[in-house]
Amino acid sequence: MGNLADDEDSDVEIYRRYGDPTVYADSRTNADETLLQLLDTLGFERKNPMPMYTWHELPQALDDRESRCATRAWVVLAHIGYTVNLDPDLYCPDTERIVRGALASKAMDPSETHECTATPATAATLIAGPARSL
């Protein structure tokens, strides 16, 4: 049994399960360490109860900032070249615009550590396409 990223043939799926307040980022089974570290850097907490299965979650304390953090991760990962799908309920257009602008102006290094505590000051040309439902 695979995870959502395996099922959707993507590198990362960012979503909230129905009725669950947690925001998840599922990466492919056996995802490379670079991708896992990027998700760590982008504010997600790594969970890996089994050696082959790893996923990430946003900290519950983010509350209303979850959409900004999820959108920021979507834009940055897509900018780097990963195939990423974002649940439309987590999409924040202002964050996408800001993140795209910052990446385009090279004001942001995608590998920098950033807190998801305020609207991010970064941006990119999306490779993943528009947000879609999972």
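Residue count for the range 12-31 satisfying the condition of being more than 15 Å from Ser67 (Cβ to Cβ) and among the basic types (Lys, Arg): 2.
Only strands (runs of 3 or more DSSP E) whose full extent lies in the range 18-96 are considered here, and the ones with at least 2 residues that are loosely packed, with under 14 Cβ neighbours inside 10 Å are 45-50. Would you say Arg100 is farther than 18 Å from Asn3 by Cα, modelled with pLDDT of 75 or more and buried (at least 17 other Cβ atoms within 10 Å of the Cβ)? When the stated conditions are applied, Arg100 passes them.
The values are calculated or read from the model by the stated rules, or taken from the named source; none is laboratory data. In this text the structure is predicted, and so the values were computed from the model without any measurement. All Cβ positions, even for glycine, are placed from backbone atoms using ideal geometry, and neighbour counts span all protein chains on display.
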